Amino acid sequence: SAYVYMHTNILISFTLMQFTDKRFQPVHDLTIGVEFGARMITIDGKQIKLQIWDTAGQESFRSITRSYYRGAAGALLVYDITRRDTFNHLTTWLEDARQHSNSNMVIMLIGNKSDLESRREVKKEEGEAFAREHGLIFMETSAKTASNVEEANGIKIGPQHPTPSSTLSGSQGGQHAGGGCC
Amino acid sequence: MLYCCVFLGRFMGDMLDDSSVMARMQKKFWKTKQVLIKATGKKEDEYVVASDADLDAKLEFFRSVQSTCTELLKVIERYQQRITRLSQEENELGLFLHFQGEHDKTKAGNMMNATSKALCTSAKQRMALCAPLHRLHQEVETFRRRAIQDTLLTVTRMERARTEYRGALLWMKDVSQELDPDTYKQMEKFRKVQSQVRGTKTQFEKLKNDVCQKVDMLGASRCNMLSHSLCTYQVFYIWEF
């Protein structure tokens with residue numbers, strides 16, 4: 001089996017729980033440093049273990065989270081469409097991600113909480129424009145209704161897995177099928 | 001159920017016995033490292049420092065309240081001394097003119113008499129300022145001894161918690177360097193550090209909040225106290241002169 005590492009820069013309670021055990025947890029403890037999730041997926045008949053690192057969004061953890069970018073195959077940059085400030089912070093996160101990872105890391109931009117249309121502060125077009133400008137894949141999702149969550153990961157893992165899996169499986173080495181559970 | 005708890009308790013006890021000395025040592029190590037960094041003035045993690053910016057601004061204000069109150073006390077004391085001296089001198093000059101006026105039957109004597117009366121009254125009125133000033137001095141002194149001292153206590157406690165928290169962050173940064181969630185040993189260690197960070201963070205944030213609120217209150221109550229005490233002083237000053 002091959003390993004695909006993904007780091008997600010999660011500013012808000014998002015996909016880790018949703019994606020790994022398809023559950024939405026409205027109350028989410030503040031992430032201390034990083035939380036892990038793992039999931040097996042099948043691409044082209046090959047079993048791939050996806051390891052997800054949900055890094056802390058608080059400023060005081062920023063130097064710590066930098067060490068988590070190392071070796072990542074992809075990053076999900078998530079903002080909250082009902083909070084403009086999370087959108088405004090994207091640039092700094094993107095800089096960090098680009099600076100501390102290898103250059104072929106694929107970054108995907110995600111506007112979360114698309115179910116809360118009435119409280120929307122960031123237009124979908126703005127997200128699209130930002131993604132286009134910085135060469136990111138873009139999608140709006142809702143962790144609550146699980147809309148697009150599978151797709152967000154599916155699209156992303158498909159095209160990118162050949163490159164990183166070959167580089168990473170060796171360096172990380174382990175053979176634990178169960179993976180890190182949180 | 002009871003058995004279960006007892007068993008779990010025993011199990012936890014064993015685990016703690018095994019690792020508690022080591023864990024305590026490590027905790028101490030990172031805390032000491034943080035103390036050292038601060039004491040030697042080495043550059044701290046800029047993001048950690050930035051995340052405390054609001055707190056540091058409050059602390060700066062607190063220090064200014066502290067120093068200006070001490071300064072104010074000194075000034076009031078000096079002011080009172082000068083007023084007393086001035087009043088004495090005025091009074092003596094008044095008495096002297098009075099004495100001279102008694103012996104002088106010319107117009108100059110009359111004028112000296114009038115001036116002496118004015119000077120003596122002025123001296124008496126000036127002394128009247130001492131009462132509200134004394135009251136102000138007392139209030140500022142009480143404020144310094146109670147309110148500032150109490151806030152200082154919370155600040156000291158917060159600083160201790162901050163050192164613990166930053167020490168834990170240093171530790172976390174260290175174990176994060178080569179983290180692999182699939183390696184049990186590493187994860188076990190990481191979880192330990194994580195819980196240390198979580199614990200110290202909760203404690204620090206509670207005290208941080210306390211400090212911010214107390215400093216705000218301190219500023220407001222100082223304004224209140226000064227406007228109240230200075231009111232009586234002003235009334236005296238304006239009406240008596």
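The values are calculated or read from the model by the stated rules, or taken from the named source; none is laboratory data. Because the structure is predicted, anything quoted here is derived from the model rather than measured. Here Cβ is always computed from backbone atoms with ideal geometry, including for glycine, and neighbour counts include all displayed protein chains. In case anyone asks, the SASA skips ligands and DNA or RNA and just uses the protein heavy atoms, side chains included. Shrake-Rupley method; radii C 1.70, N 1.55, O 1.52, S 1.80 Å.
Accessible area of B:Lys74, 1.4 Å probe, to the nearest 10 Å²? Roughly 100 Å² of B:Lys74 is accessible to a 1.4 Å probe.
Quote the convex hull volume per residue of chain B, based on C-alpha atoms, as a whole number of Å³.
195 Å³
Residues of the stretch B:49-67 whose accessible area (probe 1.4 Å, heavy atoms of protein chains only) drops by at least 30 Å² once all protein chains are present, relative to their chain alone: B:Ser51. Within the assembled protein chains, the solvent-accessible surface assigned to B:Trp30 is about 30 Å², based on a 1.4 Å probe.
Buried area at the A:B interface is about 2200 square angstrom, summed over both chains, from accessible surfaces computed with a 1.4 angstrom probe. The residues B:Glu90, B:Glu178, B:Glu188, A:Glu117, sorted by heavy-atom accessible surface at 1.4 Å with ligands and nucleic acids left out, run B:Glu178, A:Glu117, B:Glu188, B:Glu90 from largest to smallest.
Against chain B, whose longest principal axis comes from its Cα atoms, helix B:149-176 is set at around 30 degrees. Comparing each chain alone with all protein chains together (probe 1.4 Å, DNA, RNA and ligands left out), the residues of the stretch A:60-98 losing at least 20 Å² of accessible area are A:Ser60, A:Phe61, A:Arg62, A:Ser63, A:Ile64, A:Arg66, A:Ser67, A:Tyr68, A:Arg70. Per-atom-type breakdown for chain B gives carbon and sulfur 61% of the accessible area (1.4 Å probe, protein chains only). Helix B:2-39 and the longest principal axis of the Cα set of chain B meet at an angle near 50°. Remark: chain B carries 65 Å² of accessible area per residue (probe radius 1.4 Å; ligands, DNA and RNA excluded).
Residues of the stretch B:157-174 losing 30 Å² or more of accessible surface, assembly versus chain alone, probe 1.4 Å, please list them. Buried by the other chains: B:Leu169, B:Met172, B:Lys173. Rounded to 0.05, the FRET efficiency of the B:Leu230 and B:Asp54 pair, given R0 = 35 Å and the Cβ-Cβ distance, is 0.70. In the assembled protein chains, B:His134 presents an accessible area of approximately 100 Å² (probe radius 1.4 Å). Axis of helix B:53-103 versus longest Cα principal axis of chain B: the two differ by about 10°, to the nearest ten degrees.
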